[in-house]
Amino acid sequence: MRKWIYRPTVEGKASRQAHADLPEGTVERELGKEGFFGPSTQMIHPRPPTGWTSWEGPLRPRAFDLARLGAVAALPWAARTVLHNAHLRLRHWVCPSSMDRLARNADGDELLFLHAGSAELYCDYGHLTLATGDYVVLPRGTMWRIECERPTVWLLLEATNGSYQLPDKGLVGEQAIFDPAMLDYPRIDDAFRAQQQAGAPESREWRVEIKRRERISTVTYPYNPLDALGWHGTLMPVRINVRDLRPLMSHRYHLPPSAHTTFVARRFVVCTFAPRPFETDPGAIKVPFFHNNDDFDEAIFYHAGDFFSRDNIHPGMLTLHPCGFTHGPHPKALNNMLTPKKLVTDEYAVMIDARDALDVGDDMPAVEWTDYHRSWRTD
């Protein structure tokens, strides 16, 4: 048995309530364990703790414009690797047209996020129509392919040797953020039955590309292996759109990113930032509080909208904040800490908090905003 060392204390000039009622002219910095899930302390400072004048070494914050990667790939296993460690692999995939073969991931569950475009997904379990903003969880070993009339842009997030699960929603109940009944699943419908007979039943071979330990094996069938007649069970792909999420809100308290957790895997979580009203209590801060990444690397992919806490960020960009330094809102956003310019946020973003250090893919320096670490400067 074990538990955290715990003794709540207020020392010096400080608020007794986190993220609210700060002493005039001060800012707050949070130090925490296990991302935002463990014990924490809120430090009070007379100036932003991001006022550095220079950065040297590998921990500097980084930003990448994935929209500039440009390269297309007919199959997901040829997509560009953005970030990776032993427990997850994040790829950016521009799919130019319908897949002419099937993919199968033997390394872990796959989370697809459709950033741009629309597509039809066919897999062992049936057919799903996908739209921009869809998350799709594909259990490890699922055979799948997509059909699309125009190029589509995806994030592929692999839970290496792991599985995706739903977060424990605790006091707010299991219907919070989204009711599990909102999760769509593939259907054996007319479209699925029609693709089984594409061409003629025995007229073409179908190849399945199976990825295991980043190596590809190809299995060839003399028929379409997506030929299920029916199924029953509790293991299946599921889909939900970011616009179906109903984020937790508090008018008197700025909730931490952990409140927006959408999926959990072994040693990382996936959170979704969706539009929500700003806090209305005059003493509550309205922007993300400065915080240390002391246990987790944090990556955020900006999907759509106006990203109020960041300057010069547009959809399709990704930022990486390695653990070990303090970060928070940029200066322009900090000016609106207590009085926002509008009533609601207008952003959709996908955040990955990884317990283990993330390595940057080989192609990423070519699309990096190398001065991103200077964006907190006020001069």
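Hey, Ala86 hits all of (1) touching a helix residue (DSSP H, G or I) at 6+ places or on another chain (Cβ under 7 Å); (2) closer than 23 Å to Val264 by Cα but one; which does it fall short on? Result: Ala86 passes all but (1). Taking into account only those residues within the range 328-349 that are open to solvent by less than 20 Å² (accessible area, probe 1.4 Å) and of a type outside the set (Ser, Thr, Tyr), which is nearest to the chain's Cα centre (by Cα)? Here the answer is Ala349.
No other residue among Thr280, Thr378, Thr339, Thr345 is within 23 Å of Ser54 (Cα to Cα) and either of a type in the set (Ser, Thr, Tyr) or in contact with a helix residue (DSSP H, G or I) (Cβ under 8 Å, 6 or more places away or on another chain) (or both) apart from Thr378.
Name the residues in the range 306-327 that are hydrophobic (A, V, I, L, M, F, W, C) and open to solvent by 20 Å² or more (accessible area, probe 1.4 Å), would you?
Across the range 306-327, the qualifying residues are Phe308, Ile313, Cys323.
Can you find a residue that is surrounded by 15 or more Cβ atoms within 10 Å (Cβ to Cβ), more than 30 Å from His291 (Cα to Cα) and touching a residue at least 60 places away in the same chain (Cβ under 8 Å) anywhere in the range 169-180? No; the residues of the range 169-180 include none that is surrounded by 15 or more Cβ atoms within 10 Å (Cβ to Cβ), more than 30 Å from His291 (Cα to Cα) and touching a residue at least 60 places away in the same chain (Cβ under 8 Å). The set of residues from the range 137-161 being hydroxyl-bearing (Ser, Thr, Tyr) and open to solvent by less than 20 Å² (accessible area, probe 1.4 Å) comprises Thr142, Thr152. If you filter the range 158-170 down to residues that are in contact with a His (Cβ under 9 Å, 6 or more places away or on another chain) and outside any loop (DSSP other than H, G, I, E, B), you find that the one that is farthest from Gly133 (Cα to Cα) is Thr160. Taken together, the criteria exclude Gly108 from residues that are within 30 Å of Pro322 (Cβ to Cβ) and at pLDDT below 95.
Just so you know, in the range 350-361 the residues that are more than 21 Å from His115 (Cα to Cα) and touching a Pro at 6+ places or on another chain (Cβ under 9 Å) include one that is least open to solvent (accessible area, probe 1.4 Å), and it is Leu358. Has the range 186-195 got any residue that is open to solvent by 20 Å² or more (accessible area, probe 1.4 Å), of a type outside the set (Lys, Arg) and touching a Gly at 6+ places or on another chain (Cβ under 8 Å)? Yes, the range 186-195 contains a residue that is open to solvent by 20 Å² or more (accessible area, probe 1.4 Å), of a type outside the set (Lys, Arg) and touching a Gly at 6+ places or on another chain (Cβ under 8 Å). Tallying residues that are assigned to a loop (DSSP other than H, G, I, E, B) and under 19 Å from Ile210 (Cα atoms) within the range 105-157 yields 8. Would you check if Phe301 is touching a strand residue (DSSP E or B) at 6+ places or on another chain (Cβ under 7 Å), closer than 25 Å to Asp65 by Cα and outside any loop (DSSP other than H, G, I, E, B)? Yes, satisfied. Within the range 266-298, the set of residues being part of a strand (DSSP E or B) and closer than 19 Å to Leu320 by Cα comprises Phe268, Val269, Val270, Cys271, Thr272, Phe273, Phe290, His291, Asn292, Asp297, Glu298.
Val94 falls short on exactly one of the conditions (1) surrounded by fewer than 22 Cβ atoms within 10 Å (Cβ to Cβ); (2) closer than 26 Å to Asp227 by Cβ, and that condition is (2).
Taken together, the criteria exclude Asn293 from residues that are polar (S, T, N, Q), within 29 Å of Pro186 (Cβ to Cβ), surrounded by fewer than 22 Cβ atoms within 10 Å (Cβ to Cβ) and in contact with a strand residue (DSSP E or B) (Cβ under 7 Å, 6 or more places away or on another chain).
Counting the residues of the range 261-293 that are closer than 23 Å to His87 by Cβ and at pLDDT 95 or above gives 13.
The values are calculated or read from the model by the stated rules, or taken from the named source; none is laboratory data. Just so we're clear, the structure is a prediction, and the values are computed from it rather than from any experiment. Here the Cβ is made from the backbone with ideal geometry for all residues, glycine too, and neighbour counts use every protein chain on show. These area figures cover heavy atoms from the full protein model, side chains too; ligands, DNA and RNA do not enter into them. Shrake-Rupley method; radii C 1.70, N 1.55, O 1.52, S 1.80 Å.
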